[in-house]
Amino acid sequence: MLFKRISILLCPLLILGGLELLFYQTNLIYFLLAIMPIILFFFLKILIKEKLLSWNFWALSCLPILFLFATIGFLLILSSDFFSQLIIIIFSLILLLYLENIFIFYYKSWHYQIGALENFSSFLCLLTFFLLAINLNAFNVFINYHFGYHH
């Protein structure tokens with residue numbers, strides 16, 4: 001139980017370190033793109049009391065991994081150092097809160113408020129959708145393709 005409690009802090013710190021490395025050492029991008037989701041998946045497996053092939057496990061695991069990729073994509077298009085650092089810190093705090101909600105849901109059910117995890121997941125889904133829309137728009141500008149009717 002103590003390791004599960006520590007893993008709530010350890011996972012966002014490791015991801016924060018990986019994002020900082022990505023920010024300063026761009027030559028490690030392929031390694032970090034492979035290792036950060038594995039780290040996140042490992043800690044989610046530790047916290048979620050479901051079998052690996054169950055629907056509940058994947059329903060809770062898919063969203064933070066998508067959020068990680070959407071944030072990485074957003075960081076790659078940002079040009080400001082200050083905003084990049086701010087996004088990295090905000091991402092880590094949101095991940096910490098999400099893991100805390102999962103921990104409370106499974107291991108401290110007497111403290112769990114009904115609907116808290118669902119509400120936070122909805123917020124995270126909206127934020128992920130927003131980041132993915134920004135990434136797709138930036139990709140559209142990058143490839144210089146115009147959707148829609150042309151004269």
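The table for this structure:
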item	result
Residue selected from segment 41-74 under the condition crowded, with 19+ Cβ neighbours inside 10 Å and of a type in the set (S, T, N, Q), by the criterion modelled with the lowest pLDDT	S61
Filter result (assigned to a helix (DSSP H, G or I) and either within 11 Å of S121 (Cα to Cα) or touching a helix residue (DSSP H, G or I) at 6+ places or on another chain (Cβ under 6 Å) (or both)) within segment 49-61	A59, L60, S61
Some residue of segment 20-32 being within 17 Å of I90 (Cβ to Cβ), surrounded by 13 or more Cβ atoms within 10 Å (Cβ to Cβ) and at pLDDT 90 or above	yes
For L40: the one exception among (1) farther than 17 Å from F91 by Cα; (2) among the hydrophobic types (A, V, I, L, M, F, W, C); (3) in contact with a Pro (Cβ under 8 Å, 6 or more places away or on another chain)	(1)
Qualifying residue in segment 122-132 (condition: assigned to a helix (DSSP H, G or I), closer than 22 Å to L10 by Cβ, under 17 Å from the mean Cα position of the chain (by Cα) and modelled with pLDDT of 90 or more)	yes
The lone exception for S61 - which of (1) touching a residue at least 40 places away in the same chain (Cβ under 8 Å); (2) over 22 Å from L2 (Cβ atoms); (3) under 15 Å from the mean Cα position of the chain (by Cα) it fails	(1)
Matching residues in segment 1-43 - criterion: being over 20 Å from I87 (Cα atoms), aliphatic (A, V, I, L, M) and in contact (Cβ under 8 Å) with a residue 12 or more places away in the chain	M1
Selection status of S109, of a type in the set (S, T, Y), surrounded by fewer than 17 Cβ atoms within 10 Å (Cβ to Cβ) and either in a helix (DSSP H, G or I) or modelled with pLDDT under 85 (or both)	yes
Within segment 75-106, considering residues that are part of a loop (DSSP other than H, G, I, E, B) and small (G, A, S), the one surrounded by the fewest Cβ atoms within 10 Å (Cβ to Cβ)	S79
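The values are calculated or read from the model by the stated rules, or taken from the named source; none is laboratory data. Small disclaimer: the values here were computed from a predicted structure and weren't measured. Cβ sites come from the backbone with ideal geometry, for glycine too, and all protein chains shown count toward neighbours.
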